[in-house]
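Colleague: A single structure is presented below for examination.
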Amino acid sequence: MGSSSKVASGVIWSTVMNVINAVYGFISVPILINYFGKAEYGLIGLAMSVNVYMQLMDLGFNSTNVRFFSAWLAKKDYENVKKLFQSSLAFYGCIGIVNSLVLLIITLFSKQLFHLTPEQDTILRDFFIILMLSAIISWYSSCFDQLIRATENVAWIQRRTIIPKLVMIAILFITVYAHLNIVLYFFLTTFALFVIIPLSVKKIRKELPFISFMPKFDWVTLKGIIPYCLNIFSFSLFQFSFYNLRPVFLGIRGNIESVADYRVLNGIISIVSLFGSSFMGALLPSAAKAVAQHNKVAYYKVAYDGTKYISIVLCFCVFGMMTVGKEVLTMYVGESYYYLIPYLNLWLLCTLVVHNNAISSLILSGTDIRAITYNSAIASVAGLVIAWFTIPHYQIGGVVIAFVIYILIQLLFYYFYYWPRKMRINSWRVFSRSFFPYVASGLIINFLIDKTISVSISTFFAFIMKGFLFAILYSIFVLITLTSEDKKYFLSIIKHK
């Protein structure tokens with residue numbers, strides 16, 4: 001299968017995986033809140049948020065490895081691929097041990113860090129112990145997907161990832177019907193992610209038989225990638241902190257119910273934002289090749305057409321969800337959560353920033369990202385400071401307000417400085433042709449449907465009517481605006497699905 005076909009297939013299967021994730025998120029949140037209670041469910045979100053922040057110890061190796069694996073595989077430099085993979089195994093194994101030790105320290109001081117009852121603190125400690133046990137396995141196996149992704153087998157990764165998600169769905173229903181406690185549920189769900197490790201090993205051996213799974217530091221190879229790796233880390237440090245410290249701040253400055261509110265909104269928002277990341281994961285290996293081979297045609301195609309395709313899908317999801325937001329919240333967790341609707345809509349608008357993922361894949365394929373590191377630091381620190389001081393007054397609203405400030409700083413920087421000056425990309429063309437038409441159409445269609453469909457009809461019928469009407473009207477607009485080349489591309493995606 002050719003490179004473009006792999007990208008197309010990767011996008012399709014990433015989308016399929018996102019749909020499965022959406023279904024799981026949609027059914028799991030109300031079930032778990034009703035079964036365990038809002039406060040205990042919030043403990044799951046708090047534990048996961050603390051552990052997710054430990055992913056910073058990746059130090060930028062994730063994107064760095066995909067970039068260098070892709071470039072070296074394109075050049076058939078198999079020896080360096082082998083050395084980097086073994087070095088990554090050794091590095092991630094050490095990080096897994098450090099991760100466990102950090103969680104142990106947090107466990108010892110959890111009572112002082114979070115506003116919890118003694119019973120809640122006991123449950124949270126059990127969660128951290130489970131995460132300590134899983135950390136080493138999770139870190140050690142994390143570079144498997146990096147190598148597979150570099151071979152442009154994103155579609156295979158997504159097909160394989162369906163397996164643990166199905167296992168997690170089964171665990172969810174077993175928990176309810178067998179009356180399992182929350183700690184056992186958390187243990188089974190955490191370790192369900194590891195059932196696919198043998199499949200990953202088999203795939204690597206098939207695609208790249210020269211690879212060795214013996215951890216071994218190769219300092220010469222590491223020395224060659226460390227500068228780029230540190231650039232990525234310095235960029236991701238602040239961005240990652242902003243995204244993952246928000247629920248932790250809610251646990252410290254707010255209450256545990258606000259963490260549950262965050263999980264409710266994030267469950268809906270993740271359905272939308274993951275579609276952009278589907279393109280990102282599929283485009284990064286190809287973008288790395290375009291940059292390494294100085295292919296300007298491919299470079300600008302990723303920038304302009306890639307952004308257009310992401311915007312089409314993203315705006316469909318964002319404004320489609322806004323159209324049926326009230327109905328989704330009602331079916332999701334009930335009418336008592338209506339107070340979250342303004343925050344849901346504002347958060348949905350913030351996710352439109354994902355339209356820059358195509359250009360971000362080009363940025364990550366380059367070498368000089370110092371300017372975006374500085375901007376990311378400013379935006380993240382500003383957002384976190386605002387969140388810290390607004391959460392006690394507005395709870396979940398403080399998090400959303402902070403997100404708005406963060407996004408505005410990021411977009412102004414990219415559009416007015418980095419893209420035109422550093423990347424020679426026409427920002428006006430990106431905005432006027434690849435992004436804004438689909439935002440405008442989504443807003444207009446959303447407004448018309450909101451004014452047309454009666455609110456007196458049943459929730460489910462309103463959901464079906466609004467959703468169907470939005471999908472039809474938006475699809476008509478997209479078909480009218482797509483060029484013949486765009487249509488050929490989408491047909492190729494369907495052909496290679």
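Colleague: Is the C-alpha gyration tensor of region 343-480 telling us rounded, prolate or oblate? Criteria: a/c under 1.5 is rounded; beyond that, a/b larger than b/c is prolate, otherwise oblate.
Modeller: Note, shape of region 343-480 comes out oblate.
Colleague: If you don't mind, there's one more thing I want to ask. Would you work out which of Val381, Asn65, Phe187 lies farthest towards the positive end of the dipole of the chain? Charges go on Cβ: Lys and Arg +1, Asp and Glu -1.
Modeller: Asn65
Colleague: Let me check something: with ligands and nucleic acids excluded, how do Arg149, Arg246 order by accessible area (1.4 Å probe), largest to smallest?
Modeller: Largest to smallest exposure gives the sequence Arg149, Arg246.
Colleague: Just going by the charge dipole of the chain, with Lys and Arg at +1 and Asp and Glu at -1 on Cβ, which of Tyr78, Cys350, Ile269 is farthest out on the positive end?
Modeller: Positive-end residue among those listed: Tyr78.
Colleague: Further question on the same structure: Would region 201-247 count as rounded, prolate or oblate if I go by the C-alpha gyration tensor, calling it rounded below 1.5 in a/c and otherwise prolate when a/b exceeds b/c, oblate otherwise?
Modeller: The shape class here is oblate.
Colleague: Please tell me the relative contact order of region 35-150 in percent, rounded to the nearest whole number, where contacts are Cα pairs under 8 Å and at least six residues apart.
Modeller: 40 percent
Colleague: Given only helices, namely DSSP H runs of n ≥ 4 each adding -39500 (n - 2.57), what is the per-residue ellipticity at 222 nm of the chain, to the nearest 500 deg cm²/dmol?
Modeller: Calculated from helices alone, the mean residue ellipticity at 222 nm is -27000 deg cm²/dmol.
Colleague: Moving on. How much accessible area per residue does region 311-451 have, in Å², with a 1.4 Å probe?
Modeller: Roughly 41 Å² per residue, with all protein chains present.
Colleague: Taking 8 Å as the Cα distance limit and 6 or more residues as the minimum spacing, I'd like the relative contact order of the chain as a percentage.
Modeller: 22 percent
Colleague: A further question follows. Highest mean first, how do 412-418, 327-333 rank when packing is the count of other Cβ atoms within 10 Å averaged over residues?
Modeller: 327-333, 412-418
Colleague: Might you work out the accessible area of Val81 for me, using a 1.4 Å probe with all protein chains in place, and round it to the nearest 10 Å²?
Modeller: About 0 Å², rounded to the nearest 10.
Colleague: Ignoring ligands, DNA and RNA, please state the percent of accessible area on the chain from carbon and sulfur, probe 1.4 Å.
Modeller: 68 percent
Colleague: Taking the Cα centre of the chain as origin, sum charge times position over the Cβ atoms of Lys and Arg (+1) and Asp and Glu (-1), and report the length of that vector in debye to the nearest 20.
Modeller: 1660 debye
Colleague: Here's a follow-up. Mind grabbing the accessible area of Glu119 for me, 1.4 Å probe, Å², rounded to tens?
Modeller: 120 Å²
Colleague: For Ser28, tell me the accessible area in Å² from a 1.4 Å probe, rounded to the nearest 10.
Modeller: Here the residue's solvent-accessible area equals roughly 10 Å².
Colleague: Rounded if a/c is under 1.5, else prolate if a/b beats b/c, else oblate: with a ≥ b ≥ c from the C-alpha gyration tensor eigenvalues square-rooted, which is region 99-246?
Modeller: The shape class here is oblate.
Colleague: Please give the net charge around Tyr24, taking every other residue with its beta carbon less than 14 angstrom from that of Tyr24, where Lys and Arg add +1 and Asp and Glu add -1.
Modeller: Local charge sum for Tyr24: +2.
Colleague: Say the dipole of the chain comes from +1 at the beta carbon of Lys and Arg and -1 at that of Asp and Glu; which of Leu56, Gly254, Ile106 then lies farthest toward its positive end?
Modeller: Result: Leu56, furthest along the dipole toward the positive end.
The values are calculated or read from the model by the stated rules, or taken from the named source; none is laboratory data. In this text, all values refer to a predicted model and were calculated from it rather than measured experimentally. Glycine gets a Cβ as well: all are built from the backbone with ideal geometry, and neighbour counts include every protein chain shown. Please note that ligands, DNA and RNA were not included when accessible areas were found on the heavy atoms of the full protein model with its side chains. Shrake-Rupley method; radii C 1.70, N 1.55, O 1.52, S 1.80 Å.
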